[in-house]
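Only the coordinates and a few stated rules stand behind these numbers; no lab work does. Please read all numbers here as calculations on a predicted model, not as lab measurements. Here Cβ is always computed from backbone atoms with ideal geometry, including for glycine, and neighbour counts include all displayed protein chains.
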Amino acid sequence: MKLIPFLFTLLFLFTSNLVSAQDEVSITGTVMDKDVNQPLEYATIAFFSKKENKIITGGITDMEGKFNIKVPKGIYDISIEYISYTTQTIPNKTLNKDTDLGVTGIAIDAEALGEVSIIAERTTVEIKLDKKVYNIGQDLTTSGGTVSDALNNVPSVSVDIEGGISLRGNENVKILINGKPSAMAGFGDTNVLSQLPAEAIERVEVITSPSARYDAEGTAGILNIILRQKETLGFNGGLNLTVGDPDNVGVSANLNLRKEKYNLFTNLGYRYYDAPRTSFSDTEYFDRLIDGALKTPEFQRIREDQNVDRLNRNYNANIGMEYFINDASSITGSVFYRYGEDADLSINNSDRFIGGSIVEQTLRKEKQTEEDNSYQISLNYINRLDDNGQQLTVDVQYGKDKETQETGISEDYISTQQSDPDLIPREEVFTTEKQNEYLIQADYVLPIGEDSRFELGYRDNFENKRTDYNLNQEDEDNQTGNLVLNDTLSNIFDYTEHVTAIYSQYGTKLGKFSFLLGLRLENTRLKGDIDSRLTDEELLKYFKFPIQTNFDNNYLGLFPTVNLIYNLAKEDEREESVTLGYNRRINRPRGWYINPFPSRSSRTNVFQGNPNLQPAFASAFDLGYLKRWDGLTLTSSIYYQHETDSFERVEENTGQQTTDGIDIIRTIPVNLSSNERIGAELGILYSPAKWLRLNSSINFFQFETTGEFNGVDYSAKNTSYFARFSSKVSLPYKIDWQTNAYYRGAQENAQTKTDGIFSMDLAFSKEIFKDKATLSLNVRDLTNTQKRNSYTTTEFFNRESEMQWRPRQITLTLMFRFNQQKKQQRDRENGQNGGEDMDFQG
């Protein structure tokens, strides 16, 4: 494998020490808390050379508050710092021999401590060349919630009632954890994010114009979720306990132990919850032509009312250690594990009409159990090759997932006018999915002067998923009721995605103007092998279009990126800037979008993948504006995207019927010719007083899709928007009150109109136990209106439906904190946080 020698060559070339030997002296001393006369561990000592106008070296104290630092001979300003304490400075100190500075006592700075607390609570936004960074802060409405709940409060991001995530109204968004694909994000299955606690998030990077550093996947852009870890010194952490209604019990812990040579960190969580779901549909079937003759359906109308109890239990653990090889390099290893058990019971009442009267009623029961085991092993190496910012990082990651699912389905008549009704066969579905993924990545950064930087990187990402699907059905001709294998639908689908990429980018700052130019070359190989008992002719007859049972598609693509920023502010003014971005993206068909064998969640409405799907490519432009005043931040942008071979899900009549004469409708993703999207967004963060913080945003967009499939034109044009508002009020007695409101406007495509959706969250919190704990009460979807109402019209049927994924939820959370007042001084931000992009903000 050529990659391994490449990585070792990079490591050999760049891990050597490049600093020439100098005459050094040893400087010792002790740092104490002046008020309580106790040693301060991890206090920072820095040596600033006036001659070179920079910090030459530094270090931290041990458990006894002592330090011993080697320093080149010279004259220095020595600073001794500790977060929340006053800084002590020893100016113009000549160091030409070993010196003991003795004991230095420092005291708590009450004003600074207050500022640290405020910053930790406040949700802020940073504008960088290729992204917006939202520091989540203490969002009360997500206390005891999940990562999905937290994302729904981030501007530009929308989470629908099924947990699907979209960016600016576009669902094709790439989810990263700490800058990389991760088992924590379910290898692309965003539903897994509803199992991770929201308290694990430090910040969210909304990357609408990704630089060449990032994978080109995701035509909408990238959401990079940065988890909390390695933030504080010594032994510290937090414990969260949650109870709620509907049943919701959870416990999570975030623990950290930082020593001079290593840092241990862990996130542990357990959650048990009941997520009841309700849905209703009313479908009217039309007469249709078959072989030139007009045929009337057996039932002109079918009304279904479904209730689903979903019991979920899941465990997750992320355990890691960072070892500091020396002052310039470190290696971090971590293991993530997730185990989940689901037990769903679905009850579906069906009323069937002829001529306006109910002629038949059935009750369908579906019991599904699922187990999901996944783990991921990650290694990160970072070497700061010199003091100017030259840096090498190498990441290696391996993940494995196994999911088993067993479903039993039965449907019985409650009433019928048939004298000898057709048997509705029982079904059992057994599905096993196994997935393996590895990632190898190397990034090299070379500063050029003070304001320029060159970056070069390599990445190899391999993923294999094998789905074994078996459907057993009751034999209609066998009166014993035995189940036999359905040869038509049972299959094994083996799918592989292999993406190899190299990239380079160059950025510089010229006065108030900065730019970042990049080019990424990606080779994508998509392989599929469908083991089906049907011949090609039988597949064509059954699915109505040719099926590629074996495919091997190779795509080589160039993905340029351009990001510009211009600082409009004068020296004595607050920040004001304009940004412009361009990037080319790809949407690769994968997973269930490719597997052609239909799901069996319903006998009459099925989802079927399309192995003939080709990748979609998009070009996107983004123009942004940022302005800060005292207490007020305004962000805005307008954007345009043109996508070719865009994916669209369409519904059509399969021409087949169930055993009791009901037409089977399928939903299938297809490539349409193009999709154009234009929009604008505006966000405001406003703090008119210390006790009040307001946050609002609105995103307005229009998309137009053109194309046809199977002779039907699915062109459509739609205008929609979504808006959110949040307020946080600090009340007396250390009580906070927060309100979040969200509204998504009506949407429409070629077949379906969806009504607008409104939801409101309300939360209260109080600091207790001398500010070492927080008690929070929140209500999600206070008005219980987060329901999707839609209307679908085709040439075969009309359908009106309503679905509520999760009803109003009340949660009580108790959060304990210990030793979190000591904020980490030493900057060890590295590849764990997805790398450092150029921060040219003017």
Net charge near Gln88 (other residues with Cβ under 10 Å of its Cβ; Lys, Arg +1; Asp, Glu -1) is 0
Fewest first, what order do Lys70, Lys51, Lys259 take by the number of other Cβ atoms within 10 Å? Lys51, Lys70, Lys259
So what are the ³J(HN,Hα) numbers for the stretch 746-755, from phi and the Karplus equation (6.51, -1.76, 1.60; θ = phi - 60°), rounded to whole Hz, Gly and Pro as x? 4, 10, 8, 10, 5, 10, 10, 10, 10, 5
For the pair Tyr438 and Asp98, how long in nm is the line joining their label points, each one 7 Å along Cα→Cβ? 5.0 nm
Step through the residues of the stretch 350-355 one at a time and calculate ³J(HN,Hα) from phi using the Karplus curve (6.51 cos²θ - 1.76 cosθ + 1.60, θ = phi - 60°), rounding each to whole Hz and writing x for Gly and Pro. 10, 10, 10, 10, 9, x
Considering only the other residues whose Cβ falls under 14 Å of the Cβ of Gln548, what net charge follows from Lys and Arg at +1 and Asp and Glu at -1? -4
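Kindly put Thr508, Thr774, Thr208, Thr785 in sequence by how many other C-beta atoms sit within 10 Å of each C-beta, fewest to most.
Values: Thr508 17, Thr774 22, Thr208 25, Thr785 13.
Ascending Cβ contact count within 10 Å gives the list Thr785, Thr508, Thr774, Thr208.
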Three-way shape label, the stretch 481-618, alpha-carbon gyration tensor, a/c 1.5: prolate
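For each of Glu800, Glu522, count neighbouring Cβ atoms within 10 Å of the residue's Cβ, then give the residues from fewest to most.
Working: Glu800 15, Glu522 21.
Ranking Glu800, Glu522 by Cβ neighbours within 10 Å, fewest first, gives Glu800, Glu522.
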